[in-house]
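Student: I am attaching a structure below and will ask some questions about it afterwards.
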Amino acid sequence: MELFYNCKIYAPERLTQTQVLTATGKILAIGDDLSVTGVPLKEFDLEGRCLVPGFIDQHVHVTGGGGQFGFASLIPEVTLAELAATGTTTVVGLLGTDGFVKDLPTLYAKVKALDAEGLSAYMLTSYYGLPERTLTGSVAEDLIYIDKVIGCKLALSDDRCSFPTELEILRLINQVRLGGFTSGKHGILHIHLGNLKTRIDVLHHIVDQYPSLISYLSPTHCIRTRPLFDTCVEFAKKGGMMDISTGGTRFVEAHQAVALALEAGVPLSNLTFSSDGHGGVRREDPATGEVSYTPAPLTLNYKEMVALVRDGILPLESALQLLTTNPARNLSLRCKGRIAAGCDADFVALNEDLSIHSVYAKGKKVYAS
Ligand SMILES: [Zn+2]
């Protein structure tokens, strides 16, 4: 058992209690005068720091992305230490354009490894393109029979994608939905958006015809361009989710995009951050013209959440939602994203200046500054 005390608890809403008691990776109780007798108790004195839910990153190339400039451009895998240092305790791994040399069995093994090391890790089946790639023969059966599979990946409106038709997208939604309700998961179709001017026209058409399908769609890279952002705002105002990549190509910084989306009338609950971490970032040496690919950073979700608070866009309890309750709801991870009895004991302790002091996953310390 573990007792976290002297805490300012953000659940993410601010709680008045100061202590959290955990056992076997779960939160048992929240209170002010918690005590146990007869069992070993590990105590963490947080000296008045904020205790917030561990962060969820729903788009990470855990096996490394890249491969768009030959074999030498393949990006290495993430490590637990890298994720934990950014406050991320729950991660969703996926493939990008890299569905060939970085395949699904390797992704599954990596996700299981991160889980065994102490984080909570999940994966999406398939990859950027079509025909879909699966572990068992169909997207639905991957969701049903593979514990870690919680959705499916696809790319749209990108000149590297497979140019999926409306019917192909509908059939994938059908697969995640069937697989989801058979297995007790929600099942989502996570859609990479590129910069082609077709944007998300097809998704608007789908949800206008079949409104109940909107909760299965999870478009990402929504701030790549201003026109893409504007149409994603309309999608979110219909009830859809809008995932803002904190790294990569974007027309404004992620925290500024949140301010714009809120001003345009998007509910805060429909916005999430994800890092696209360990995707390949293309760099060209201006002197020599030499091109290299380096891993996209994992730190920007945390930094952009802090920027929301620093710039007065949102108070901490609201800014935290983009990394906690909102992605948990999008992914239907019922024990994640909250500090509440019965939830997983995933926490980040923040210093007064919001720098990360320490990180705990399933009750175990996984990072200390
Ligand atoms: Zn990506």
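The values are calculated or read from the model by the stated rules, or taken from the named source; none is laboratory data. These numbers come from a predicted model, not from an experiment. Neighbour counts run over all protein chains shown; Cβ positions are idealised from the backbone, glycine included. In case anyone asks, the SASA skips ligands and DNA or RNA and just uses the protein heavy atoms, side chains included. Shrake-Rupley method; radii C 1.70, N 1.55, O 1.52, S 1.80 Å.
Student: Would you point out the residue of the range 163-192, among those that are part of a loop (DSSP other than H, G, I, E, B) and among the small types (G, A, S), that is most open to solvent (accessible area, probe 1.4 Å)? Step through it out loud before you land on a result.
Tutor: The initial filter retains those residues of the range 163-192 that are part of a loop (DSSP other than H, G, I, E, B), namely 163-165, 184-187.
Among the residues that remain, those that are also among the small types (G, A, S) are: 184, 187.
On the way: G184: 47, G187: 2 Å².
If we take residues in the range 163-192 being part of a loop (DSSP other than H, G, I, E, B) and among the small types (G, A, S), then G184 is most open to solvent (accessible area, probe 1.4 Å).
Student: Residues that are of a type in the set (K, R), under 25 Å from L300 (Cα atoms) and free of Cβ contacts under 8 Å to residues at least 60 places away in the same chain: which strands (runs of 3 or more DSSP E) entirely in the range 65-162 hold 1 or more of them?
Tutor: Working: elements: 88-93, 120-125, 149-156.
By residue number, 149-156.
Student: Take the range 193-203 and flag every residue that is more than 16 Å from the ligand (Cβ to nearest atom) and surrounded by fewer than 22 Cβ atoms within 10 Å (Cβ to Cβ).
Tutor: L196, K197, T198, D201, V202, listed by residue number.
Condition check ((1) of a type in the set (D, E); (2) open to solvent by less than 60 Å² (accessible area, probe 1.4 Å); (3) over 15 Å from the mean Cα position of the chain (by Cα); (4) not assigned by TED's automatic domain parsing to the domain that holds D147) across all residues:
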site	(1), (2), (3), (4)
R283	no, no, yes, no
G289	no, yes, yes, no
Y302	no, yes, no, no
V306	no, yes, yes, no
D311	yes, no, yes, no
E317	yes, no, yes, no
T324	no, yes, no, no
F347	no, yes, yes, yes
G363	no, yes, yes, yes
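Student: Then there's this: Go through the range 69-96 residue by residue and tally those that are within 16 Å of the ligand (Cβ to nearest atom) and open to solvent by less than 40 Å² (accessible area, probe 1.4 Å).
Tutor: Of the residues in that region, 11 qualify.
Student: Could I ask something else about it? Can you work out which of the residues in the range 205-232 that are out of contact with any helix residue (DSSP H, G or I) (no Cβ under 9 Å at 6 or more places or on another chain) and within 16 Å of the ligand (Cβ to nearest atom) is farthest from F251 (Cα to Cα)?
Tutor: T220
Student: Among the candidates G194, G247, G179, G240, single out the residue that is in the same structural domain as I144 (by TED's automatic domain parsing) and out of contact with any helix residue (DSSP H, G or I) (no Cβ under 6 Å at 6 or more places or on another chain).
Tutor: Sole residue among the options that is in the same structural domain as I144 (by TED's automatic domain parsing) and out of contact with any helix residue (DSSP H, G or I) (no Cβ under 6 Å at 6 or more places or on another chain): G194.
Student: Please state which one of A264, A254 is more than 16 Å from the chain's Cα centre (by Cα) and modelled with pLDDT of 95 or more.
Tutor: Among A264, A254, only A264 is more than 16 Å from the chain's Cα centre (by Cα) and modelled with pLDDT of 95 or more.
Student: Take the residues in the range 29-68 that are within 16 Å of the ligand (Cβ to nearest atom) and over 20 Å from the mean Cα position of the chain (by Cα); name whichever of them is surrounded by the most Cβ atoms within 10 Å (Cβ to Cβ).
Tutor: Going through the qualifying residues, I end up with G67.
Student: Could I ask something else about it? Could you please tell me which pairs satisfy a Cβ distance under 6 Å, a separation of 6+ or placement on different chains, a first residue in the range 207-228 that is assigned by TED's automatic domain parsing to the domain that holds G240 and charged (D, E, K, R), and a second residue that is within 16 Å of the ligand (Cβ to nearest atom) and not in a helix (DSSP H, G or I)?
Tutor: Sorted first by the residue in the range 207-228, then by its partner, the pairs are R224/N195; R224/T249.
Student: Considering only residues that are in contact with an Asp or Glu (Cβ under 9 Å, 6 or more places away or on another chain) and crowded, with 18+ Cβ neighbours inside 10 Å, which ones fall in the range 204-222?
Tutor: Within the range 204-222, I206, S218, P219, T220, H221, C222 qualify.
Student: Within the range 12-28, which residues are more than 23 Å from the chain's Cα centre (by Cα) and either of a type in the set (F, W, Y) or open to solvent by 10 Å² or more (accessible area, probe 1.4 Å) (or both)?
Tutor: L15, T16, Q17, T18, Q19, L21, A23, T24, L28
Student: Here is a further query. Please give the number of the condition D353 fails out of (1) within 21 Å of Q17 (Cβ to Cβ); (2) open to solvent by 40 Å² or more (accessible area, probe 1.4 Å); (3) of a type outside the set (S, T, Y).
Tutor: For D353, the exception is condition (1).
Student: Moving to a separate point now. Give T90, T97, T125, T86 a once-over and let me know the one that is among the hydroxyl-bearing types (S, T, Y) and closer than 14 Å to V176 by Cβ.
Tutor: That would be T125, the only listed residue that is among the hydroxyl-bearing types (S, T, Y) and closer than 14 Å to V176 by Cβ.
Student: Do we have any residue at all in the range 198-211 that's in a loop (DSSP other than H, G, I, E, B), within 23 Å of the chain's Cα centre (by Cα) and farther than 17 Å from V92 by Cβ?
Tutor: yes
Student: Further question on the same structure: Here are some conditions: (1) outside any helix (DSSP H, G or I); (2) closer than 18 Å to A84 by Cα. G342 meets all but one. Which one does it not meet?
Tutor: (2)
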